[in-house]
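Encoded as C-alpha cells, the structure appears first; notes follow it.
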Amino acid sequence: MQKFPMTAHGLQRLEDELRNLKSVERPAIILAIAEARSHGDLSENAEYHAARERQSFIEGRIQELEEVIGAAEVIDPSSLSGDSIKFGAHVQLLDEETEKEATYQIVGVYEADIKLKRLSISSPLAKSLIGKKKGDTISVPAPGGDRSYEILGIQFI
C-alpha cells in the first residue's frame with residue numbers, strides 16, 4: 001500500500017471532512033432521495049436524479065478519504081531540522097522577475113491549497129525546491145516560460 005506523507009493538520013482536515021460526510025451529508029441525501037421518491041414517477045423526476053448523483057459523489061468521496069487516511073504517514077515538520085528544504089518546510093521565496101516575496105509550506109498531495117500557501121510536494125515548484133538551501137536560486141518551468149526564485153529562508157515549524 002502506498003503511503004501518503006501528510007502533516008497532522010492536513011490529516012485532521014481530511015478526518016473532519018470524512019466525519020461531516022458520514023454524519024451530516026450522507027443522512028441529508030438519504031432524506032432528499034426519499035422526498036424525491038414520494039413525488040411519483042422516477043423516470044422524469046429531476047430532483048431524484050440530482051439527489052442520486054449527489055449521493056454517488058458523496059459515497060465516492062467517503063471511499064477516497066478512507067483510503068487516503070488509512071495510508072497517511074504523518075510527519076511533524078517541527079521535529080525536522082537542517083539547512084536544506086524537505087517535506088514540511090516553510091520556504092520564503094523571492095520571485096526574481098516581479099521582486100515579490102512569498103512563503104509557502106511544502107505539504108502532502110491531499111492537503112495542498114495554494115490559497116493557503118500550501119504547495120503539494122508533487123508540484124513543479126516544490127520538486128525544484130527539495131534539497132536546496134537558503135541563498136540558492138531555482139528555475140521552475142511555467143506555461144509562460146521559466147520562472148526564477150531565490151530562496152530567502154527555510155523554517156521547520
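Here are a few things to note about the model shown:
- Flag not set for Leu80, criterion: within 30 Å of Leu152 (Cα to Cα), surrounded by 13 or more Cβ atoms within 10 Å (Cβ to Cβ) and touching a strand residue (DSSP E or B) at 6+ places or on another chain (Cβ under 7 Å).
- Taken together, Glu111, Glu96 contain a single residue that is surrounded by 13 or more Cβ atoms within 10 Å (Cβ to Cβ), in contact (Cβ under 8 Å) with a residue 60 or more places away in the chain and not small (Gly, Ala, Ser), which is Glu111.
- Residue within region 33-54 that is under 19 Å from Leu119 (Cα atoms) and of a type in the set (A, V, I, L, M) present: no
- In region 24-67, the residue that is surrounded by the fewest Cβ atoms within 10 Å (Cβ to Cβ) out of those that are among the polar types (S, T, N, Q) and more than 28 Å from Gln2 (Cα to Cα) is Ser43.
- Contacts under 7 angstrom Cβ, first residue in region 61-73 being in contact (Cβ under 8 Å) with a residue 60 or more places away in the chain and under 20 Å from Phe87 (Cβ atoms), partner assigned to a helix (DSSP H, G or I) and among the aliphatic types (A, V, I, L, M), 6 or more apart: Val68/Leu14; Ala72/Leu11
- Within region 74-88, restricting attention to residues that are touching a residue at least 60 places away in the same chain (Cβ under 8 Å) and within 19 Å of the chain's Cα centre (by Cα), the residue that is nearest to Pro27 (Cα to Cα) is Val74.
Every number in this text was worked out from the coordinates using simple rules, so none of it is lab data. Quick caveat, the model's predicted, so the values are computed rather than measured. Counting neighbours? That spans all protein chains shown, and the Cβs are built from the backbone with ideal geometry, glycine included.
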